[in-house]
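Chemist: Following this message is one structure expressed as structure tokens.
Any read-out appearing in this document is the output of simple, stated calculations on the displayed coordinates, not a laboratory observation. As the structure is a computational prediction, the values presented were derived from the model and not from experiment. As a convention, Cβ positions derive from the backbone with ideal geometry for all residues, glycine included, and neighbour counts pool all protein chains shown.
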Amino acid sequence: MAAAETRNAEYYDVFASTCPSRPVLEHVTGRWGSLTLGALADGPRRFNDLRRRVDGVSQKILAQTLQTLERDGFVKRTVHSTFPLHVEYSLTPMGQSFADRLLDFFSHLQGQMPEVERAQEEYDSRPR
């Protein structure tokens, strides 16, 4: 039996510094991880298509992000035996569940941006 299978729910506490969920939290909530999950939410994509969708990410960072998300069980990499090789990335069911929540969060954030910008302007105009 794998070590993870023997742990109970109380073992995982994201607020505890030793919790193994901490690195995974960083993977899915970091800028590139969350944007990659969100970009894959509407279906499989090839690497370059994904890179265009996640504007600003470098090839190296996207490759590392996809590997990390694949290792964590959120992304599936499928190699199609064609010439040239065709590689697609898609979400696993767990990845889709996370992506759906992230898209809700993104939508909420975008809707709040006028208020955020007002708060930033107010803060920036304060005397220092």
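Chemist: Could you calculate the FRET efficiency of PHE47 with GLU117 from 1/(1 + (r/R0)^6), where r is the beta carbon distance between them and R0 is 41 Å, rounded to 0.05? Intermediate results must be reported in sequence, preceding the final value.
Modeler: Working: r = 34 Å, r/R0 = 0.83.
For R0 = 41 Å, the calculated efficiency reads 0.75.
Chemist: Here's something else I'd like to know. LEU109 versus PHE15, label points 7 Å from Cα toward the beta carbon: distance in nm?
Modeler: 2.4 nm
Chemist: In addition: Using the basic label-point model (7 angstrom from Cα toward the beta carbon), what is the ASP124 to LYS60 distance in nanometres?
Modeler: 3.1 nm
Chemist: Charges at C-beta only: +1 for Lys and Arg, -1 for Asp and Glu. How large is the resulting dipole of region 8-125 about its Cα centre, in Debye rounded to 20?
Modeler: The calculation lands at about 760 debye.
Chemist: Using +1 at the Cβ of each Lys and Arg and -1 at the Cβ of each Asp and Glu in region 40-128, identify which of GLN110, ASN48, HIS80 lies farthest towards the dipole's positive end.
Modeler: Most positive-ward Cα: HIS80.
Chemist: For volume of the Cα convex hull per residue in Å³, which listed value, (i) 228; (ii) 95; (iii) 175, comes from the coordinates shown?
Modeler: Only one option fits the structure, namely (iii).
Chemist: Same structure again: Please list, in order along region 77-86, the HN-Hα scalar couplings obtained from phi with the Karplus expression 6.51 cos²θ - 1.76 cosθ + 1.60 (θ = phi - 60°), rounded to whole Hz, x for Gly and Pro.
Modeler: 9, 10, 9, 8, 7, 10, 10, x, 4, 10
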